[in-house]
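Colleague: Just passing along the structure, written as C-alpha cells.
The values are calculated or read from the model by the stated rules, or taken from the named source; none is laboratory data. Quick caveat, the model's predicted, so the values are computed rather than measured. Cβ: placed from backbone, ideal geometry, glycine included. Neighbour counts: every protein chain shown.
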C-alpha cells in the first residue's frame, strides 16, 4: 500500500515538473513517402532512409526501411522530424502520449535547392494586427522565400496566442519557425509550456538546400524554463553527431551567444561545444531591438541582429525585417527591408523650383522610391520639352532611359539638356510585384551660377559643442536645391559637418557592413572629393577638429581623417566589444574628442588619438542615440534606460548622475546655455543645474519626446521638437504653449516602440535668423517662423530625414535616409 502511494506521489511530482512520465522509455516510429497524401502508411509506400528524428535530447537517423527508435529521456514532450533538403513534412512534431505506439511521419519529396532565401523577423511583441503584417505577406507572395524565422519575443500569452492565429504557415504559405525569447517564458508548470502549446518544440533543426538551420531557445527569461544547459548541450552534441561536420550551419536564437571571436556553448564546467568547429556560418538573433551585422574575428562567423518590423528599435533602429540569401556552400548575404512603406516615390532632383546645371552642364536626376513588400526592379525616365509629353510623342521609345541604383532607396541619372529652359521629367518605377509607380515633374533651368566658397566651420551637431542650435545668419525662403549626391548606402544620424569648402557625412550598411563610408564633397559644386571605407557603419554625429574629421563606427573603431587629402591620420580601436552597437554622437572642443559608451567612454587627443582617460564609473546598458554635450569643464554622457552622467571632461571623474523623473528613459540631446543644462524627456522639459544635476525648473509639455533632438532655449521661450506630434514653442517660465506645428505621420518608425502613425521629428531644429529649419520622419524639410510657428517653406524628399541641417551663409546642407546629401540655397533677392 505504501509502495503504491509512493509511486503515485513520484508520478504526480514528475507531472508537476512538466515531465511526460508515460512517454518515458523507448519510442519508435516510421518516416515514409505519403504518395496518396492521406497521412497513413500504406503497404506500397516506402520508408525514407536517413531521415533525422529527435525526442529533444537524442537525435537518430532512420534505417533503410524508414524505421527509427529513440531511447527517450525524462523531459521528453515531442518527437520531432528534422526535414531534409529533399523532403518536406507538414507534420513536424508529434506530442508524446501514453496512447501512441508508433510516431509516424508522412513526408513529401521535393527538389533540393542549391540556393536558399529566407526571412528573419524578431521582437514583434504584439497582440494586434499592423501594416507590417501586410508588408511581410506581400514580400513573401512576391519574392517567394523558402521560410520565415521569428527569433523570439512574441511576447506573453496574448502575443503568442495572436501570432499562432495570424502568423503561421497557414497564413504565410511557407513554413514559419519560432524561437523562444525571454518574454515567451511565461507562468505555467514550466516557462516554455504555453509556447509549446502554440508552436511546438522550443529547439529543433531542419535542412534547406545544403545548409542545416538550428533553432535554439533562450536560456532564461521572465519565468524559469524547464530545460538547462545540460539538456541543450546534450541535444546539440547529439545533433552535431548526426550531421556531417563540414555541412554549413546557421543558428537562430533570441540573443547573441558571444561578442567574442569564438562561439562556444557550455554544457557544464567540463564540457563545451565550439560551434565554428562544425562549420558555423552565421548566428541570427534579436532581443536588443537593434540592426547590426558583425564578423567575429578569425572564425569568420557573421552575426546578424535584427530589430522589429512592427515598431521602432530601442536604439532607434528603423522598423525592419531581414532577408538572407544562402548559396550551396553556406555563404550568405543579407538585406534589411524597411517596413511600413507602401509605393513610396518622390522625384528629388530636379525639384519643382529652378535647377542649376552641374559643372559638366548636365541635369542630375534623382528619384527616391521604395516599397516594403516588393523590390524595385528598374526605374526609367524621359525628359520632354514643355507640353511635349503627349499622345503623339509617346511613340518615341528612344526617349526612355534606365536609371542607376545608388542605394536601396535612391536611383540616379544625368541628362544633357538642349537649349530649352523649361522641361517635363517623367519617371516610371517597375516593381517586382508587377506594379508601376508613375510620376511627373516640371522644372526650369536656372542659369545663375553659385560660385561662393563656404569658408565656414560646422564642427559639431548644431554647430557647437554646447548644442545650442541658434545661428546668427539671415536667410530667405524659398530655397533652391543647388546639388545632391549619394553616399551609396543609408544615412542615419550623421548630420553634415563643414570645414571651409568641404562638407562631409557618413553612411552605414546594416545588411552586410560592406558599404560603409565617410564621404567628402566640394560645398560649391557637389563634386565628390574622396571617400574612406570604415570597418562598420557610422550611425551618428561626426566632428571636425584640427582639420580632421573624426568618427566612430558601430564596433568601436574611431577614425581621424585629414579632410584635405582623405588620408587616415590615426585610428583607435576602443575595444567596444558589446552586442548593442555604438550609436552615440561624438563631441569635441577642438583639442579633445569624446567618444565611446559605457566602459569604452573615452577622451582622446585629437592630434594623436591617445586615450586621455577612460570611464570606470559605470558600465553596461543599452546603446543610446543622444550626442554627448560639452558644458564648461563637464562632459555629459548617457545610457539608455540608465541615466544622465556628468564627468569632469579633463579627468573622467564622475560628478553626478540622474536616473529619476523619467530622465533614465530620455532619448534627447542636452543643450547647455546660461549655466544650465536643458533637456526634454517623455512628456517633460527640464532645466538642470550643471554642478549638481538637480532640477531647477520643469514643466509638462503635453508632447512625446522620444526623439533624438536638442531644445532651443531663448530668453523667454523654449522650442522643442518631439517624437509626436512635431514641434512647439513654450513659455520658459510658465510652460504654456505658444504654438504647435504638426508634421505628417512618419514613413517608418525609429523612436523606441513607436508604431501607430506618430508624427515624429528625430532631428534638432536650427534657428537661423527668424526661421527654424528641420527635417522630419515624414520625409519633408520644413522652414517655420520661430515666433508664430507659421509654415514658410517645405519640400518633400520621399525618405525620412534623421539628420540636422548644417548652416552656411547662403543656405544649408542636410541628408535623408536614402543616402542623399543636399545643398539648398536661400533666396538671394
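Colleague: Here are some conditions: (1) surrounded by 15 or more Cβ atoms within 10 Å (Cβ to Cβ); (2) closer than 13 Å to residue 275 by Cβ. Residue 260 meets all but one. Which one does it not meet?
Modeller: (1)
Colleague: Filter the stretch 247-261 down to the residues that are modelled with pLDDT under 95 and touching a helix residue (DSSP H, G or I) at 6+ places or on another chain (Cβ under 7 Å) and list them by number.
Modeller: Once the filter is applied, which keeps residues that are modelled with pLDDT under 95 and touching a helix residue (DSSP H, G or I) at 6+ places or on another chain (Cβ under 7 Å), the stretch 247-261 yields only 261.
Colleague: Please go through the stretch 93-105 and pick out each residue that is closer than 15 Å to residue 51 by Cα and outside any loop (DSSP other than H, G, I, E, B).
Modeller: Looking only at the stretch 93-105, we keep the residues that are closer than 15 Å to residue 51 by Cα, and these are 93, 103-105.
The answer is 93, 105.
Colleague: Residue under question is residue 747, and the condition is that it be more than 21 Å from residue 318 (Cβ to Cβ), in contact with a strand residue (DSSP E or B) (Cβ under 8 Å, 6 or more places away or on another chain) and in contact (Cβ under 8 Å) with a residue 12 or more places away in the chain; does it hold?
Modeller: For residue 747, the condition - more than 21 Å from residue 318 (Cβ to Cβ), in contact with a strand residue (DSSP E or B) (Cβ under 8 Å, 6 or more places away or on another chain) and in contact (Cβ under 8 Å) with a residue 12 or more places away in the chain - is not met.
Colleague: Restricting attention to the stretch 237-246, does a residue exist that is part of a loop (DSSP other than H, G, I, E, B) and modelled with pLDDT under 95?
Modeller: Within the stretch 237-246, not a single residue is part of a loop (DSSP other than H, G, I, E, B) and modelled with pLDDT under 95.
Colleague: What residue, among those in the stretch 309-336 that are surrounded by fewer than 20 Cβ atoms within 10 Å (Cβ to Cβ) and not in a strand (DSSP E or B), is nearest to the chain's Cα centre (by Cα)?
Modeller: Among those that are surrounded by fewer than 20 Cβ atoms within 10 Å (Cβ to Cβ) and not in a strand (DSSP E or B), it is 331.
Colleague: If you don't mind, there's one more thing I want to ask. Hey, could you check the stretch 36-70 for residues that are at positive phi and surrounded by fewer than 22 Cβ atoms within 10 Å (Cβ to Cβ) and say which is modelled with the highest pLDDT? Even if it seems obvious, please write down each step before you answer.
Modeller: At the first step, the residues of the stretch 36-70 found to be at positive phi are 37, 39, 50, 56, 66.
Next, only the ones that are surrounded by fewer than 22 Cβ atoms within 10 Å (Cβ to Cβ) stay: 37, 39, 50.
Numbers: 37: 84, 39: 85, 50: 96.
So the residue we want is 50.
Colleague: Okay, next question. Given (1) within 19 Å of residue 346 (Cα to Cα); (2) touching a strand residue (DSSP E or B) at 6+ places or on another chain (Cβ under 6 Å); (3) not in a strand (DSSP E or B), identify the lone condition not met by residue 439.
Modeller: All conditions are met except number (3).
Colleague: Kindly check whether there is at least one residue in the stretch 687-695 that is under 29 Å from the mean Cα position of the chain (by Cα) and either outside any strand (DSSP E or B) or closer than 22 Å to residue 762 by Cβ (or both).
Modeller: No: zero hits.
Colleague: Let me ask something else. Quick check, is residue 673 assigned by TED's automatic domain parsing to the domain that holds residue 640, more than 26 Å from the chain's Cα centre (by Cα) and in contact (Cβ under 8 Å) with a residue 60 or more places away in the chain?
Modeller: Criteria met by residue 673.
Quick grid of which residues meet (1) part of a helix (DSSP H, G or I); (2) in contact with a strand residue (DSSP E or B) (Cβ under 8 Å, 6 or more places away or on another chain); (3) surrounded by fewer than 19 Cβ atoms within 10 Å (Cβ to Cβ):
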{"site": "180", "(1), (2), (3)": "no, no, no"}
{"site": "183", "(1), (2), (3)": "yes, no, no"}
{"site": "194", "(1), (2), (3)": "yes, no, no"}
{"site": "197", "(1), (2), (3)": "yes, no, yes"}
{"site": "205", "(1), (2), (3)": "no, yes, no"}
{"site": "214", "(1), (2), (3)": "no, yes, no"}
{"site": "218", "(1), (2), (3)": "no, no, no"}
{"site": "227", "(1), (2), (3)": "no, no, no"}
{"site": "231", "(1), (2), (3)": "yes, no, no"}
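Colleague: Within the stretch 521-532, which residues are buried (at least 24 other Cβ atoms within 10 Å of the Cβ) and either outside the structural domain of residue 561 (by TED's automatic domain parsing) or in a strand (DSSP E or B) (or both)? Lay out the reasoning, then the answer.
Modeller: Filtering the stretch 521-532 for residues buried (at least 24 other Cβ atoms within 10 Å of the Cβ) gives 521, 523.
Selection gives 521 alone.
Colleague: Oh, and also: Does residue 642 fit the bill of being at pLDDT below 95, buried (at least 22 other Cβ atoms within 10 Å of the Cβ) and in the same structural domain as residue 775 (by TED's automatic domain parsing)?
Modeller: Numbers: at pLDDT below 95: yes; buried (at least 22 other Cβ atoms within 10 Å of the Cβ): no; in the same structural domain as residue 775 (by TED's automatic domain parsing): yes.
Against the criterion (at pLDDT below 95, buried (at least 22 other Cβ atoms within 10 Å of the Cβ) and in the same structural domain as residue 775 (by TED's automatic domain parsing)), residue 642 does not qualify.
Colleague: Now for a different question. Residue 122 versus (1) more than 17 Å from residue 169 (Cβ to Cβ); (2) more than 20 Å from the chain's Cα centre (by Cα): which is the lone unmet condition?
Modeller: Every condition holds for residue 122 apart from (2).
Colleague: Quick check on the stretch 139-148. Is at least one of its residues modelled with pLDDT of 95 or more, within 24 Å of residue 289 (Cβ to Cβ) and in a helix (DSSP H, G or I)?
Modeller: Yes, some residue in the stretch 139-148 is modelled with pLDDT of 95 or more, within 24 Å of residue 289 (Cβ to Cβ) and in a helix (DSSP H, G or I).
Colleague: Considering each of 74, 108, 90 in turn, give the residue that is surrounded by fewer than 16 Cβ atoms within 10 Å (Cβ to Cβ) and outside any loop (DSSP other than H, G, I, E, B).
Modeller: Working: 74 fails: outside any loop (DSSP other than H, G, I, E, B); 90 fails: outside any loop (DSSP other than H, G, I, E, B).
One residue alone meets the criteria, 108.
Colleague: Moving on. Taking the conditions exactly as written (surrounded by fewer than 23 Cβ atoms within 10 Å (Cβ to Cβ), part of a loop (DSSP other than H, G, I, E, B) and touching a strand residue (DSSP E or B) at 6+ places or on another chain (Cβ under 9 Å)), does residue 535 satisfy them or not?
Modeller: Yes; evaluated as a whole, the condition is true for this residue.
Colleague: Counting only residues that are over 17 Å from the mean Cα position of the chain (by Cα) and not in a strand (DSSP E or B), which one in the stretch 489-520 is surrounded by the most Cβ atoms within 10 Å (Cβ to Cβ)?
Modeller: Checked the stretch 489-520; the qualifying residue surrounded by the most Cβ atoms within 10 Å (Cβ to Cβ) is 495.
Colleague: Same structure again: Got a sec? Which strands (runs of 3 or more DSSP E) wholly within the stretch 578-670 have at least 1 residues that are closer than 25 Å to residue 568 by Cβ?
Modeller: Values: elements: 592-595, 602-605, 611-614, 629-631, 634-639, 643-648, 654-658.
Of the strands (runs of 3 or more DSSP E) lying wholly inside the stretch 578-670, those with at least 1 residues that are closer than 25 Å to residue 568 by Cβ span 592-595, 602-605, 611-614.
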